[in-house]
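What follows is a single structure, written as structure tokens, with notes after it.
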Amino acid sequence: MARKVGVYTRISRDDEGEALGVARQQRDCERLADLRSWQVVKAYEDNDVSAFKRNVVRDEFELMLKDLRAGLIDGIVAYDLDRLARQPRDLERLIEIFDERPRLEFATVTNDINLGTPDGRTMARIMVAFANKSSHDASRRIKRKHLELAQQGKDSGGPAPYGWQREDRTKVDSKATEAIREAQREILAGVRIGTIRTRWQEQGLGNPRAGTKRMAHHHVEHILTNPRLAGYRTYHGEILHGDDGRPIKGDWEPINTLEEWEAVCAAIAERKQKRPGKSLARKYLLSGIARCGLCKTKIRGQINQRWEPGSKAARFSYQCSVVNGGCGKVGRTGEPVDALIAQLVLEEQRARASVTAIQGEQRWPSEAELEEVTQDIAQLIEAERSKQITVATLLQLLPAKERLRDELKLERARFYKEQKQAEAKNDAAELSVEEFFALPVERQQEIVLHSLSAVIIHPAGRGRRKFDPSLIEPVWH
């Protein structure tokens, strides 16, 4: 009876994504299995997956080990031993299974190695050790080359970052650029990253990985705060600085000005500090804004469980709740309250915009001070290099200058954040009520809070009554 074996194929990098390399390995392995009268019952393919990087999990390799241990296959065929293992620990895991099942078959197209014998295992360990050293040497050379390219402001290859063309990484992609800039405007206007992530997922934006069911929050955050947007070159996630202490600029088209990028980064960082680990999600316009007219407790929106699309019933209501410390005596249908507040707020903001002079973009007043501190740092570093001062002297003077530089940069980021946020909020004056309700609810709330500090909902008395706008009291700033 023919032995049932599996074929394992792997290639570290497949930029085209056509899987041609693993297909060639598959054919050669099947030919070898046929020569040995083995029956190939399963194929394990790790395409575009490294066997050297320790943080990479090879799903098909793990499944192959599981099937070998469970007895679903009687052996494995690979093109070469280094397709299976480039880390000694992976080889030892495979050998451990051969200890448990001594009659397992093993073969490679390029070598004749028997993992069932001491000599074969010794040879396999030597080969994997050499393959591991070869990968280490290649990794060291590649890292040095990437650092050199980064210091020159050049790209180092790989998939094009979202926002730039795949064919030419120095040119921006117009569709992706517009999506990024729109999302950044929403961030400054108070919209959550989670809301943007959901919309991008639905619209196929953000270059999610193939097979991704839910785009990661940090993936969207990285796209919107990537230093590359402002033209900065990074290395291992950090902005690179030249000998003069200034950030190195890349040779590609930027998407943001420095002021725009810093404003978005500051807005996201500030939001994390205010509510670390807590959701900012809102379902209703006046959540956290509406208050009971009797006890002044905050009122929350509550969904009507009996509501169905097309029915005349109210979809939700604002209700003072005893559970939240309220009196439980005041409630109101939600839609007419929201419509009234939206109309009043938009009218107020249009009136304000008509009498407020439009100011041009102001520059941060301490730019010259930051420039001076940056030059001082560069001069200190150069003085130490030219042996004008000692390392000890440099380390005495440098920390204070660096702290001042970082404080000034943070102050600049906050300045432009507040400026951009004010611009985003002032845009509401041009919205219609329909356009207002088409916005994410977080954006709607920011517009309302730009004009109001609270909305008092007064009791309407017993029985079903017609909506009375006079019982809704907006508290203006």
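Just so it is clear, none of the values below were taken in a lab; they were calculated from the coordinates. All of these numbers come straight from a predicted model, not from anything done at the bench. As a convention, Cβ positions derive from the backbone with ideal geometry for all residues, glycine included, and neighbour counts pool all protein chains shown.
Side notes on the structure shown:
- Base-10 log of normalised Debye intensity for the range 215-254 (one unit scatterer per alpha-carbon) at q = 0.20, 0.31 Å⁻¹: -0.62, -1.03
- Charge dipole of the range 417-477 (Cα centre as origin; +1 on each Lys and Arg Cβ, -1 on each Asp and Glu Cβ, all else neutral): 480 debye, rounded to the nearest 20.
- Set of lysines near Lys249 by C-alpha distance (under 27 Å), chain-local residues within fewer than 8 positions excluded: Lys143, Lys145, Lys154, Lys171, Lys175, Lys401, Lys409, Lys417, Lys420
- Residue among Gln165, Leu471, Thr393 farthest towards the positive dipole end of the chain, charges placed on Cβ: Leu471
- Straight-line cross-link reach from Lys329 at under 21 Å between alpha-carbon atoms covers these lysines, not counting any fewer than eight positions away in the same chain: Lys296, Lys298, Lys466.
- Label-point separation in nm, Leu340 to Arg214, each point 7 Å along Cα→Cβ: 3.9 nm
- The stretch between Leu258 and Met1, if pulled fully straight at 0.36 nm per residue, gains 85.5 nm over its current Cα-Cα span.
- For the chain, a simple Cβ point-charge model (Lys and Arg +1, Asp and Glu -1, everything else neutral) yields a dipole of about 2060 debye relative to the Cα centre.
- The overall shape of the range 416-455 is oblate: from the C-alpha gyration tensor, with semi-axes ordered a ≥ b ≥ c, the ratio a/c is 1.5 or greater and a/b is no larger than b/c.
- Approximate spin-label separation Trp476-Lys143, in nm, with each point projected 7 Å along Cα-to-Cβ: 6.3 nm
- Global geometry of the range 174-274, whether rounded, prolate or oblate, following the gyration tensor of its Cα atoms and the 1.5 cut on a/c: prolate
- In a simple Cβ point-charge model (Lys, Arg +1; Asp, Glu -1; nothing else charged), the range 174-274 has a dipole of about 620 debye relative to its Cα centre.
- Rounded to 0.05, the FRET efficiency of the Arg271 and Asp34 pair, given R0 = 51 Å and the Cβ-Cβ distance, is 0.25.
- Using the Cβ-Cβ distance between Val323 and Ala438 with R0 set to 30 Å, the FRET efficiency from 1/(1 + (r/R0)^6) comes to roughly 0.40.
- GluC sites (Glu not before Pro) restricted to the range 160-198 and DSSP loop, no more than 16 other C-beta within 10 Å: Glu167
- Ratio Rg/Rh, restricted to the range 291-387 and using Cα atoms, in which Rh is the Kirkwood radius: 1.44
- Loop-located trypsin sites (Lys or Arg not before Pro) in the range 182-244 (DSSP state not H, G, I, E or B) with no more than 10 neighbouring Cβ atoms inside 10 Å: Arg209, Lys213, Arg214.
- Spatially near lysine pairs across the range 3-136, Cα under 17 Å, sequence gap of 8 or more or different chains: 4
- Cys residues of the chain counted as unpaired, since no other Cys beta-carbon is under 4.7 Å: Cys29, Cys265
- Average Cα contact separation per residue, the chain, under 8 Å, 6 or more apart, as relative contact order %: 12 percent
- Subtracting the Cα-Cα distance of Arg13 and Asp112 from 0.36 nm times their residue separation leaves 33.0 nm of extension gain.
- Here the spin labels are modelled as points 7 Å beyond Cα on the Cα-Cβ line, and at Asp244 and Glu202 they lie 4.8 nm apart.
- Cα coordinate range in the range 336-477, projected on the principal axes (Å, largest first): 87, 33, 24
- Prolate/oblate/rounded label for the chain (Cα gyration tensor, a/c 1.5): oblate
- Qualifying trypsin sites (Lys or Arg not before Pro) for the range 59-138 [loop in DSSP, other Cβ within 10 Å: at most 16]: Arg103
- Note on Arg54 and Arg101: with the Förster distance fixed at 30 Å, the Cβ-Cβ geometry gives a FRET efficiency of about 0.65.
- Farthest toward the positive end of the dipole of the chain, out of Asn207, Ala438, Leu380, is the Cα of Ala438, where the dipole comes from beta carbon charges about the Cα centre.
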